[in-house]
């Protein structure tokens, strides 16, 4: 079976280490494609390896056919690492690439814009936010349950 398909299925099952292995095998067979970079980036994001995820997702968006979800994931990494202005621009691009049809990307963009309009840092608000996986390789911020 194709390593890319296996990797994506493992991402859906939240088996991020195994997904990394599958994407590595796919890269050995197919070379490093945008989809493989995106998969490796999503797996690293799932593992909380934000620095590695950012590098891989940046490489993935260099390809012309980068999916809106890849742009979204990069935006969420940037948001989580405090790079708010760039995160907003990346999320705007993700929203445009999805033709405004992806509710989760729209919600992430709204959240980033709301964070930008905040004039005072409130650590209590930050404590209430959590990065969660929603759908196939798509991440978003949500308020944590008390």
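Numbers for the structure displayed
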{"item": "Base-10 log of normalised Debye intensity for segment 1-60 (one unit scatterer per alpha-carbon) at q = 0.13, 0.20, 0.24 Å⁻¹", "result": "-0.25, -0.60, -0.85"}
{"item": "Mean separation of Cα contacts under 8 Å, 6 or more apart, over the residue count of segment 24-117: relative contact order %", "result": "20"}
{"item": "Theoretical gain in end-to-end length, residue 92 to residue 24 [0.36 nm per residue, Cα-Cα removed]", "result": "21.5 nm"}
{"item": "Pair residue 114, residue 5: separation of 7 Å Cα→Cβ label points (nm)", "result": "4.0"}
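Each reported figure results from applying straightforward, stated rules to the coordinates on display, with no laboratory input. If you're wondering where the values come from, they're calculated on a predicted model, not measured in any experiment. All Cβ positions, glycine included, derive from the backbone under ideal geometry; neighbour counts span all protein chains shown.
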